[in-house]
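Here the structure comes first, spelled out in structure tokens, and everything after it is commentary.
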Amino acid sequence: MNDTEVIQQLEQSGQYRIIERLDPPELYHQGQPSTARIGVVIDVEATGLDTARDKIIELGFIVFEYDAGTGLIYRILHSYGGFEDPGAPLQDIIKQITGISDEMVAGQTLDDDAINPWLEKADLIIAHNAAYDRQMLERRLPVAGKANWACTFNDINWQNEGISSLKLDYIAYKMGYFFDGHRAVNDAQATLHLLSKKLPESGTPGMSALLAHAREKSRRYFAIAAPFDKKDDLKARGYRWMADFVYIDRGNQKKGVWSKSVAEAEIASEAQWLTESVYSGKTASFTFKDVTAKDRYSLREFLAE
């Protein structure tokens, strides 16, 4: 009995589920896309989670061709992986999480000339936590700020697909494969692979679902000078506190605001909720910024006009 027959027998018993190690293909779909586009799936490992201060220590990305209409993924065009010395010893927790040592990054520098041309060619850059990866990357390689971005963490409704955790390795497991994670190229490959698969409940190709969300306009609300006693309501509604946000209120500069991004279909209802529930029908002080994939997940999304 060969491996395939063993797997079929085990799965047919209903007592087992078999997942396979990811062996990244060079080609996902035969033929030529009708509307060819270039995508880049990217991942960074860094010295910490502070996108304003921490430094990238590893960058990996996979360049691929896809069809803008169907979302089908075709050829793998290029891959890149490189280290960069942050100029200081790595924390033990970072070494444990990433598997990267001080010796691996010592004296290393990312190859800007090998990276920037692909970022410039990309019709879409994708990451599994784009709010982190994009802001880290824009500080180090500003050309990344010119691209459209999408996020497999936020731009696919995993809860509706029956997937309760948004960790990449868990999503991969639920989609039938596993990989050696927390290294930049491996994570990028795993992210692209999940986009090649159909989502478990809707049956929609992952890339199609991602593209549909990326093309939508969203609106980020800023609840300027919201009453203090409304903070629990705002938090329960999904707003988060942005301590560094600066605005002018009655001629005075102030800091801190509650903010939330909503989909285009929810814009009117969110404005009504703010007016009635937060500002109690008084003259509402909230402002907003309309956001597309050009600015989504960039620091620009969170800055006042």
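Each value in this text was obtained by applying a stated rule to the coordinates, not by laboratory testing. Computed from a predicted structure; not experimentally measured. Here Cβ is always computed from backbone atoms with ideal geometry, including for glycine, and neighbour counts include all displayed protein chains.
Things worth noting here:
- Ranked list, fewest to most other Cβ atoms within 10 Å of each Cβ, for Asp67, Asp43, Asp233: Asp233, Asp67, Asp43
- Neighbours of Lys255, meaning other residues whose beta-carbon lies under 11 angstrom from its beta-carbon, give a summed charge of -1 when Lys and Arg score +1 and Asp and Glu score -1.
- Of all lysines in the structure, those lying under 29 Å Cα to Cα from Lys255, and not within fewer than 8 positions of it along the same chain, are Lys55, Lys146, Lys217, Lys230, Lys231, Lys235, Lys282, Lys289, Lys294.
- Volume in Å³ per residue [convex hull over Cα atoms, computed for segment 218-302]: 94 Å³
- Stretchable slack from Lys121 to Gln159, in nm (0.36 nm times residue separation minus alpha-carbon distance): 10.4 nm
- Scaled radius of gyration (Cα, divided by 2.2 N^0.38 Å) that the chain gives: 1.12
- For Ile57, residues with placed amide H under 5 Å, excluding near neighbours: Glu45, Ala46, Thr47
- From helices alone, the chain scores -7500 deg cm²/dmol at 222 nm; the rule is -39500 (n - 2.57) for each run of n ≥ 4 DSSP H residues, then divide by the residue total.
- Maximal additional length on extending the Arg300-Ser13 stretch stands at 98.0 nm, based on 0.36 nm per residue less the C-alpha distance.
- Projected-area average for segment 1-49 over all orientations - Cα convex hull basis, square nanometres: 8.0 nm²
- Span from the segment 179-201 Cα centroid across to the segment 48-121 one, whole angstrom: 15 Å
- Phi to ³J(HN,Hα) by Karplus 6.51 cos²θ - 1.76 cosθ + 1.60 over segment 36-42, Hz, x for Gly, Pro: 6, 9, 10, x, 10, 9, 10
- Charges were assigned to the Cβ only: +1 to each Lys and Arg, -1 to each Asp and Glu. The resulting dipole of the chain about its Cα centre is roughly 1340 debye.
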